[in-house]
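K.L.:
Starting off with a structure, shown below.
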Amino acid sequence: MSAAVEIAPGVRHYPAYLDRAGQEALRDEIRAVFAAAPLFVPRMPRTGKPFSVRMSNCGPLGWVSDEKGYRYQATHPETGAPWPPMPARLLAVWAALAPGAPPPEACLINLYDATARMALHQDRDEEELSAPIVSLSLGDTALFRVGGPTRGGPTRSFRLASGDAMTLGGPGRLAFHGIDRIYAGGSTLLAEGGRINLTMRRVSKA
Ligand code: SIN
Ligand code: FE2
């Protein structure tokens with residue numbers, strides 16, 4: 001485990017938080033999640049335009065998006081099955097990086113191929129905003145952009161590499177953030193290439 005770098009108030013980056021063995025173990029657990037809760041292509045509210053990432057979830061709740069809007073729900077949008085449980089390894093990361101926060105209820109899993117992006121947005125579909133967002137990255141490096149709580153303000157960019165953790169909490173909880181690009185081919189963790197990002201969230205009021 002490494003020291004945190006405070007990128008902006010409440011935005012903390014933990015380079016190399018997971019060692020290689022930890023990344024491999026988590027990768028294998030996430031593969032098992034994909035087997036139970038297949039990746040789906042989320043769509044933009046109203047327009048139905050597909051996202052460039054594919055998604056799945058684990059935990060009691062999962063984040064989904066389609067023509068009807070963004071929301072959390074207890075079941076997979078295509079199979080109708082409950083989401084698989086959150087691996088203990090993820091709960092341990094939450095306990096370490098979000099001490100004192102109530103347990104996470106959702107872990108959104110984003111799979112990026114070499115051309116995928118994530119537009120600047122806030123994570124604000126949660127009722128409980130006192131708990132941080134805890135993020136882990138696996139596979140190819142991404143260029144992450146983060147700003148403040150209002151759209152259009154100044155932003156900073158930094159790279160998230162395989163094994164890095166990040167938290168958005170306190171004054172950084174509603175920071176705008178997104179992924180500008182993926183540096184394809186830099187990591188050997190995922191045989192098929194690409195990047196997996198996991199974000200754990202507390203959704204309901206504790
Ligand atoms: C997200 O904001 O949902 C994903 C961020 C990331 O991929 O690092
Ligand atoms: Fe986000």
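K.L.:
If I filter segment 1-44 down to residues being of a type in the set (Val, Ile, Thr) and in contact (Cβ under 8 Å) with a residue 60 or more places away in the chain, which single residue comes out as surrounded by the most Cβ atoms within 10 Å (Cβ to Cβ)?
P.N.:
Of everything passing the filter in segment 1-44, Val11 is surrounded by the most Cβ atoms within 10 Å (Cβ to Cβ).
K.L.:
Related question: Here are some residues: Asp125, Asp113. Which one is within 13 Å of ligand 2 (Cβ to nearest atom), in contact (Cβ under 8 Å) with a residue 12 or more places away in the chain, on the phi < 0 side of the Ramachandran plot and surrounded by fewer than 20 Cβ atoms within 10 Å (Cβ to Cβ)? Spell out the reasoning first.
P.N.:
Working: Asp113 fails: within 13 Å of ligand 2 (Cβ to nearest atom).
The unique qualifying residue is Asp125.
K.L.:
Within segment 149-181, how many residues are buried (at least 19 other Cβ atoms within 10 Å of the Cβ) and more than 15 Å from the chain's Cα centre (by Cα)? Reasoning before the result, please.
P.N.:
Of segment 149-181, the ones buried (at least 19 other Cβ atoms within 10 Å of the Cβ) are 160, 162-169, 172-173, 175-177, 179.
Next, from what is left, pick out any that are more than 15 Å from the chain's Cα centre (by Cα): 172.
Of the residues in segment 149-181, 1 are buried (at least 19 other Cβ atoms within 10 Å of the Cβ) and more than 15 Å from the chain's Cα centre (by Cα).
K.L.:
Could you check segment 182-198 and list, in sequence order, the residues that are touching a residue at least 24 places away in the same chain (Cβ under 8 Å) and either of a type in the set (D, E, K, R) or buried (at least 19 other Cβ atoms within 10 Å of the Cβ) (or both)? Spell out the reasoning first.
P.N.:
Keep residues of segment 182-198 that are touching a residue at least 24 places away in the same chain (Cβ under 8 Å), which gives 182-187, 189-190, 193-198.
Of everything in segment 182-198, those that are touching a residue at least 24 places away in the same chain (Cβ under 8 Å) and either of a type in the set (D, E, K, R) or buried (at least 19 other Cβ atoms within 10 Å of the Cβ) (or both) turn out to be Ile182, Ser187, Leu189, Gly194, Arg195, Ile196, Asn197, Leu198.
K.L.:
Now for a separate question. I'm checking my understanding of the structure. Among residues of segment 162-177 that are aliphatic (A, V, I, L, M) and not in a loop (DSSP other than H, G, I, E, B), which one is nearest to Arg202 (Cα to Cα)?
P.N.:
It comes out as Leu168.
K.L.:
Let me ask you something else. Of all residues in segment 128-142, which are within 15 Å of ligand 2 (Cβ to nearest atom) and among the hydrophobic types (A, V, I, L, M, F, W, C)?
P.N.:
The answer is Leu129, Ala131, Ile133, Val134, Leu136, Ala142.
K.L.:
Pick from segment 157-201 the residues that are of a type in the set (Lys, Arg) and either out of contact with any strand residue (DSSP E or B) (no Cβ under 8 Å at 6 or more places or on another chain) or within 11 Å of Asp123 (Cα to Cα) (or both): which of them is nearest to ligand 2 (Cβ to nearest atom)?
P.N.:
Here is the first cut: in segment 157-201, the residues of a type in the set (Lys, Arg) are 159, 173, 181, 195, 201.
The next check asks that each one be either out of contact with any strand residue (DSSP E or B) (no Cβ under 8 Å at 6 or more places or on another chain) or within 11 Å of Asp123 (Cα to Cα) (or both); those that pass are 173, 201.
Working: Arg173: 11, Arg201: 9 Å.
That would be Arg201.
K.L.:
In this structure, does Ala96 turn out to be part of a helix (DSSP H, G or I), more than 20 Å from Ala32 (Cα to Cα) and among the aliphatic types (A, V, I, L, M)? Talk me through it step by step, then tell me what you get.
P.N.:
On the way: part of a helix (DSSP H, G or I): yes; more than 20 Å from Ala32 (Cα to Cα): yes; among the aliphatic types (A, V, I, L, M): yes.
When the stated conditions are applied, Ala96 passes them.
K.L.:
Right, here's the next one. Is at least one residue of segment 74-87 under 15 Å from the mean Cα position of the chain (by Cα), part of a strand (DSSP E or B), hydroxyl-bearing (Ser, Thr, Tyr) and at pLDDT 95 or above?
P.N.:
no
K.L.:
Now for a different question. I need a count of the residues in segment 153-206 that are of a type in the set (Lys, Arg) and within 19 Å of Met55 (Cα to Cα).
P.N.:
Count: 4.
The values are calculated or read from the model by the stated rules, or taken from the named source; none is laboratory data. The structure presented is a predicted model; accordingly, all values stated were derived computationally and were not measured. Backbone-built Cβ (ideal geometry, glycine too); neighbour counts: all protein chains shown.
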